[in-house]
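Here, each number is a calculation from the coordinates, and none is a lab measurement. Nothing here was measured: the structure is a model prediction, and the numbers come from that model. When we count neighbours, we look across all protein chains shown, and the Cβ atoms used for this are built from the backbone with ideal geometry, even at glycine.
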Amino acid sequence: MKNIVTQSLANAFLPGVRGNVHNISPMAYSFNKNGLNGTVYTLNAQRNAIKVINHFFSPIKVLASKPVITITANKVIINVFYLMPIKTQALNVNTINNLGERLSQIFGRPVELRLVRLHYPYLNSHILAQFVAHNTQKYNFVRIQRMIFSKAAIVKDTDTEKALLSELPSHIVGIKIRISGRLVTERSRPRQTVQTAEMGSFVKDNKSIVETAQFTDKNKKGAFTVKVWISQRINS
């Protein structure tokens, strides 16, 4: 149940996430109404911000989700989920402040940066796709799916009294992983090799939400792509 709580709260309260959050309120910058707040400027600012955030996490080998950016009249709120491989590892406060100031410069207004740490890769599709791709350097596909499925808190029946009385907005009911391409940890296969594994259910109705993401990487045998699906059932 702990796994589901972490995931559901993180998604339910965006853009006001509660949890392990670092809030940054850098100094405000002047704003040119004639050009800086236009649509083109905003789109370019978001693209640049995503690049800066990805560059921030890359050197420290931390897996990060796709940033969720909310722009208001007075500030910009950026939510990012991240997964650290070592439990005792933590982000450096000074580097976080530097990141916040850089993002504030990009948007030309104060930025509130909310970094939420997840403890399991299957709680976010973008993080899960990266997690699978990185582990292909050491393990084969069977080993990777066991690593994920053995720890995933899949709810098989959302109509039980326990599930219905839960205050969580949703439950994870299914996870699917697909790898297209050849892995260095496996014997030689055709270039068009596709391996798929799934657990749980993927029922399509008005109470189901499926989050998808994919990540492409390279190894000695060429490029390969990981695509994942996380199915959630809305608790109503």
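Miscellaneous remarks
- Local net charge near Ala213, Cβ-Cβ under 10 Å (Lys/Arg +1, Asp/Glu -1): +1
- Burial ranking of peptide ranges 76-89, 172-185, 39-52 (average Cβ count within 10 Å, highest at the top): 172-185, 76-89, 39-52
- Among Arg189, Arg233, the order by Cβ neighbours within 10 angstrom, fewest to most, reads Arg189, Arg233.
- Tensor-based shape of the range 81-236 (alpha-carbon gyration tensor, a/c under 1.5 rounded, otherwise prolate or oblate): oblate
- Backbone phi angles across the range 214-222, fed through the Karplus curve with coefficients 6.51, -1.76 and 1.60 (θ = phi - 60°), yield HN-Hα couplings of 9, 9, 10, 9, 10, 9, 5, 9, x Hz in residue order; Gly and Pro are listed as x.
- Label-to-label distance, Ser201 versus His55, with points set 7 angstrom from Cα along the beta-carbon direction: 4.7 nm.
- Span from the the range 182-236 Cα centroid across to the the range 54-122 one, whole angstrom: 25
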